[in-house]
2 protein chains.
Amino acid sequence: MIPIVSFVGWSDSGKTTYLERLIPELTGRGYRVCAVKHDVHGFEIDTPGKDSWRLKRAGAAVSVVSSPAKIAVIAETDHDLTLSEIRARFISDVDLIVSEGFKKDVQPKIEVFRKGIRDALLCTAADMLIAVAADCPVQTDVRVIDLDDVASMADFIEKAILKG
Amino acid sequence: MIPIVSFVGWSDSGKTTYLERLIPELTGRGYRVCAVKHDVHGFEIDTPGKDSWRLKRAGAAVSVVSSPAKIAVIAETDHDLTLSEIRARFISDVDLIVSEGFKKDVQPKIEVFRKGIRDALLCTAADMLIAVAADCPVQTDVRVIDLDDVASMADFIEKAILKG
């Protein structure tokens, strides 16, 4: 089963920016990574007029475009899928799933915490918090890693999740 | 196993337009349909600057955006996936996969044939041709259905593929 770790944090804590630095550190170590972004507001990814959009509009529950180097799958869902459901239905051939958001999901979490946004962490141990990436001291029982030190975070993920 | 039928035909034979009429006929009968489009030239579906694009650019082999009503999965592939591989890795929870293109794939095929483009069909029986949707008489051993009669084509697909 492909392991999952969720990166959570208050709004504007820089989760995407953090993952933009962490993912190359992990891929540089030879891991294939899947990134999952939670978008509670919905999104528009397809381009009106394109064939895939036309087939979706015609009523296809799932629309796929496949090329020699890349495949895109857009599927209707009847509920907000959990990470475990997403993994089962759509993900294969990677070593690790890192997600952004999914605070309520039952998966190990790493909080990205930046000073000046809130006084305390978003997560508690009840949220399955396993580490914090922060640019300031943080009150917590779990491991705190400097926000700029993505190498140490990759070490931690290797030990705690990939080789755990 | 979810059945697959490929719609093939010469360029400009109107495959997408045909599927735009056939899919509502099938969904109207209660079937959930997945549409797969083959794009040999590659495509760009993600929007530069968006989080999913940033995570993909950072090196994620697979990038997912999930919302309560819809999920999008964009994955790198090391080869042009067959329909059977696409089905195994990405498709669930539908009754039928209709694809456009994939002429070389080993799946049952229906050719869309429009007069004035070419003199003869693109496919032969060796291509697993099972029917033709045409707007003119066609030399073939398989069933020919009028291009405008998508109800009869849906009947044919029900009998030959969905209840076969």
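Bear in mind these aren't lab numbers, they're just calculated from the coordinates by the rules spelled out. These numbers were taken from a predicted model, which means no experiment stands behind them. As a convention, Cβ positions derive from the backbone with ideal geometry for all residues, glycine included, and neighbour counts pool all protein chains shown.
Structural remarks
- Label point 7 Å beyond Cα along the C-beta direction, distances from B:Arg143 to other copies (nm, shortest first): 6.2
- Taking a Cβ cut-off of under 11 Å around A:Ala69, the surrounding Lys, Arg, Asp and Glu residues balance to a net charge of -3, with basic ones at +1 and acidic ones at -1.
- Among residues other than B:Glu20 with Cβ under 9 Å from its Cβ, the summed charge is +3 (Lys and Arg +1, Asp and Glu -1).
- For the A-to-B rotation axis, chain A residue with nearest beta carbon and its distance in angstrom: A:Val73, 2
- Kirkwood radius, chain A, all distinct C-alpha pairs, inverse of mean reciprocal distance: 17.3 Å.
- Residue-wise HN-Hα coupling along the range A:60-68, computed from phi with Karplus coefficients 6.51, -1.76, 1.60 (Hz; x: Gly, Pro): 5, 5, 10, 10, 10, 10, 10, 10, x
- Rounded to whole Hz, the Karplus (6.51, -1.76, 1.60) HN-Hα couplings of the range A:127-135, x for glycine and proline: 8, 6, 5, 10, 6, 10, 9, 9, 9
- Equivalent ellipsoid semi-axes, the protein assembly as shown, via Cα gyration tensor eigenvalues times 5, rooted, Å: 46, 17, 16
- Sum of side-chain charges, A:Glu111 neighbourhood, beta-carbon under 10 Å (Lys, Arg +1; Asp, Glu -1): +2
- The range A:104-164 shape via C-alpha gyration tensor axes, a/c threshold 1.5: oblate
- Averaged over the residues of peptide A:25-37, the number of Cβ atoms from other protein chains lying within 10 Å of each residue's Cβ is 5.
- Within 10 Å of the Cβ of each residue in B:89-102, the mean number of Cβ atoms contributed by other protein chains is 4.
- A:Ser99 long-range amide H proximity, modeled H, under 5 Å: A:Val5, A:Ser6, A:Phe7, A:Val36
- Exam field: A:Asp93 pseudo-label spacings to other copies (7 Å along Cα-Cβ), nanometres: 2.2
- Peptide B:6-14 shows a mean partner chain C-beta count of 0 within 10 Å per residue C-beta.
- The residue list B:Gly28, A:Ser84, A:Thr16 was ranked by how far each Cα lies along the charge dipole of the protein assembly as shown toward its positive end, using unit charges on Cβ atoms, and A:Ser84 comes out on top.
- J(HN,Hα) series, the range B:77-93, from Karplus relation 6.51 cos²θ - 1.76 cosθ + 1.60, nearest Hz, glycine and proline x: 10, 9, 7, 6, 5, 7, 4, 5, 5, 4, 4, 5, 8, 10, 10, 8, 6
- Rounded to 10°, Cα long-axis angle of helix B:15-28 versus longest principal axis of chain B: 90 degrees
- Using the rule -39500 (n - 2.57) for each DSSP H run of four or more residues, divided by the residues of the protein assembly as shown, the 222 nm mean residue ellipticity is -6500 deg cm²/dmol.
- For the listed peptides B:57-69, A:131-143, a ranking on the average number of other beta carbons within 10 Å per residue, highest first, reads B:57-69, A:131-143.
- Cα-based shape type of the range A:64-106, given that a ≥ b ≥ c are square roots of the gyration tensor eigenvalues and the cut on a/c is 1.5: oblate
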